[in-house]
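Down below is the structure, laid out as structure tokens.
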Amino acid sequence: MRGYQFSKFLPNELPKGGFEEMLKLFTQLLNYTAGDAGEALAWMNELDKQYKFTNKDYGMGDFIEDLKEKGYISEENGETKITAKTEQTIRKSALEEIFGKLKKAGKGNHNSNISGIGEEKNADRREFSFGDSLDQIDMTASIHNAQINHGIGNFKLTERDLEVEEKDYKTLTSTVLMIDISHSMILYGEDRITPAKKTAMALAELIKTKYPKDTLDIVVFGNDAWPITIKDLPYLQVGPYHTNTFAGLELAADLLRRRKTHNKQIFMITDGKPTCLKENGRYYKNSVGLDRKVIGKTLNMAAQCKRLNIPITTFMIAKDPYLQQFVRQFTEINGGRAFYSSLNGLGEYIFEDYIKNRRRTVR
């Protein structure tokens, strides 16, 4: 009779020793400690005791000294802090983790859906016409056409033999990424803020390096909503907040109004329902069910975004049926999209959707 054979679990993510391997673990832990270098190093010490990834030639003390010498951490008033170099390393690590999965899966396409004089070739071919640039001519295909049309013995190349490669316009996109930082993002024993934060850092690094003309604004929302910078992302934490989705959407729409691009979009990561409004300096809160007043104002804001040609893509990381019903209604009113994603697939969903939306041009 066949059965199961159990063996000791050995985590794959733990380093095997050496600075580069240990740096990867350090940057991963920083995501969970909200950028607290001291806490991350304390965790590494505990992990080292259990899994023994240092050795007599290279210990934790050596690693900490290397972090200082290489500019990853600094001492300020007796407190260990990460540097700008570490912040960028965290973003690059997140980008490699998420975008690497997309490349392996063959997802994504960076072209627009409008043919003409552009910057990226596509698979379409056509005859040459007056005004086409010389670099668009496919010389191999054109010579092949000439041989078929006129024969090999009497070779000549005419205008009718020329074959042109179509090119796609590159579009510019302005994106606002909204992140829910209400208390429910860490409730029920599930850390939802870390995957959201990691995805935001990866998306920011992708745009800065691959699409530098695109813009990304990041908005966090709890009882209120406020913008944060890319530099703030590693330190982002959940607060004792309710969920003021209306304020987040209002701020996101205001930021996009100032952008001069045609393509504008909002990505919203949330795990709960709207439960809060701010009126005349006073907070109106109701966490019980779906409050008609809060939901009504939120849906009105979704409709306003539609009038401004700003689609909203909602990434709902909760599975409650009545919440999904609200998201469906919200999405229908806005004309956007909704994904009911797991925490593990959140980054891939957002990256694929971001790349796909760069193909669209709003007129």
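The values are calculated or read from the model by the stated rules, or taken from the named source; none is laboratory data. Not measured: the values here are computed from a predicted model. No Cβ is skipped: glycine too gets one built from the backbone with ideal geometry, and neighbour counts run over all protein chains shown. All accessible areas refer to the heavy atoms of the entire protein, side chains included, with ligands and DNA or RNA removed. Shrake-Rupley method; radii C 1.70, N 1.55, O 1.52, S 1.80 Å.
Each residue of region 140-157 was assigned a 3J(HN,Hα) from its phi angle through the Karplus expression (A = 6.51, B = -1.76, C = 1.60, θ = phi - 60°), giving 4, 5, 5, 5, 4, 5, 5, 5, 5, 6, 10, x, 7, x, 10, 6, 8, 10 Hz with x at Gly and Pro.
At an R0 of 35 angstrom, the distance between the Cβ atoms of Arg125 and Lys319 translates into a FRET efficiency of 0.15. Can you bin region 32-102 into rounded, prolate or oblate? Criterion: square roots of the alpha carbon gyration tensor eigenvalues sorted a ≥ b ≥ c, rounded for a/c under 1.5, prolate for a/b above b/c, oblate for the rest. Note, shape of region 32-102 comes out oblate. The amide H of Arg126, built 1.01 Å from its N in the peptide plane, has Val164, Glu166 as neighbours under 5 Å, considering only residues 5 or more places off or on other chains.
Measure nothing but the geometry: give the 0 to 90° angle between the long axis through the Cα atoms of 346-357 and the longest principal axis through the Cα atoms of the chain, rounded to 10°. That works out to roughly 30 degrees.
Between the Cα long axis of helix 84-105 and the first principal axis of the chain there is an angle of about 60°, rounded to the nearest 10.
Residues whose amide H lies under 5 Å from that of Tyr72, counting only those 5 or more places away or on a different chain, are absent; hydrogens are built 1.01 Å from N in the peptide plane.
Quick check on packing: order 16-24, 181-189, 347-355 by the mean number of other C-beta atoms within 10 Å, highest mean leading.
For the peptides 16-24, 181-189, 347-355, the packing ranking is 347-355, 181-189, 16-24.
Close amide H pairs (under 5 Å, H built 1.01 Å from N) link Ala338 with Thr314, residues at least 5 positions away or on another chain.
Helical runs (DSSP H, four residues minimum) scored at -39500 (n - 2.57) apiece and divided by the length of the chain put the mean residue ellipticity at 222 nm at -13000 deg cm²/dmol.
The HN-Hα couplings worked out from phi for region 38-55 by the Karplus form 6.51 cos²θ - 1.76 cosθ + 1.60 (θ = phi - 60°) are x, 5, 4, 5, 5, 4, 4, 4, 5, 5, 5, 4, 7, 10, 6, 8, 9, 9 Hz, whole numbers, x standing for Gly and Pro.
When the chain is treated as a Gaussian network with alpha carbon springs shorter than 10 Å, the biggest mean-square fluctuation among Phe221, Phe53, Phe155 belongs to Phe155. Under the criterion of Cα pairs below 8 Å and six or more residues apart, the relative contact order for the chain equals 16 percent. Rounding to the nearest 10 and keeping the result within 0 to 90°, find how far the Cα-based axis of helix 19-32 lies from the longest principal axis of the chain. For helix 19-32, the angle is close to 70 degrees. Could you check which residue among Ser133, Ser341, Ser74 shows the biggest mean-square fluctuation in a GNM of the chain with a 10 Å Cα cutoff? Per the Cα network of the chain with a 10 Å cutoff, Ser133 tops the list. Accessible-area rank, largest first, for Arg258, Arg337, Arg160: Arg160, Arg258, Arg337, with all protein chains present and a 1.4 angstrom probe. Taking Asn280, Asn55, Asn31 in turn, the Gaussian network model of the chain (Cα-Cα springs below 10 Å) assigns the largest fluctuation to Asn280.
Over the chain, average the accessible area per residue using a 1.4 Å probe and give it in Å², no decimals.
Values: 19830 Å² over 363 residues.
For the chain, the solvent-accessible area averages 55 Å² per residue.
Across region 273-287, computed HN-Hα scalar couplings (Karplus, 6.51 cos²θ - 1.76 cosθ + 1.60, θ = phi - 60°) run 8, x, 10, 8, 9, 10, 10, 6, x, 10, 8, 9, 10, 7, 8 Hz from first to last residue, x flagging Gly and Pro.
Restricting to lysine pairs 8 or more places apart or on different chains, what number in region 235-363 have Cα atoms under 14 Å apart? Lysine pairs, 8 or more places apart or on different chains, close enough: 10.
Let me make sure I get this right: for the chain, a, b and c are the square roots of the gyration tensor eigenvalues over alpha carbons, sorted descending. Under 1.5 in a/c it's rounded, otherwise prolate if a/b > b/c, else oblate. Which is it? All intermediate terms of the calculation are to be shown ahead of the outcome.
Working: a/c = 2.17, a/b = 1.32, b/c = 1.65.
Oblate is the answer for the chain, as a/c is 1.5 or above yet b/c matches or exceeds a/b.
Calculate what fraction, in whole %, of the accessible area of the chain sits on carbon and sulfur atoms when a 1.4 Å probe is rolled over the protein chains. Walk me through the numbers on the way to the answer.
Numbers: 9880 of 19830 Å².
Exposed carbon and sulfur together represent 50 percent of the surface.
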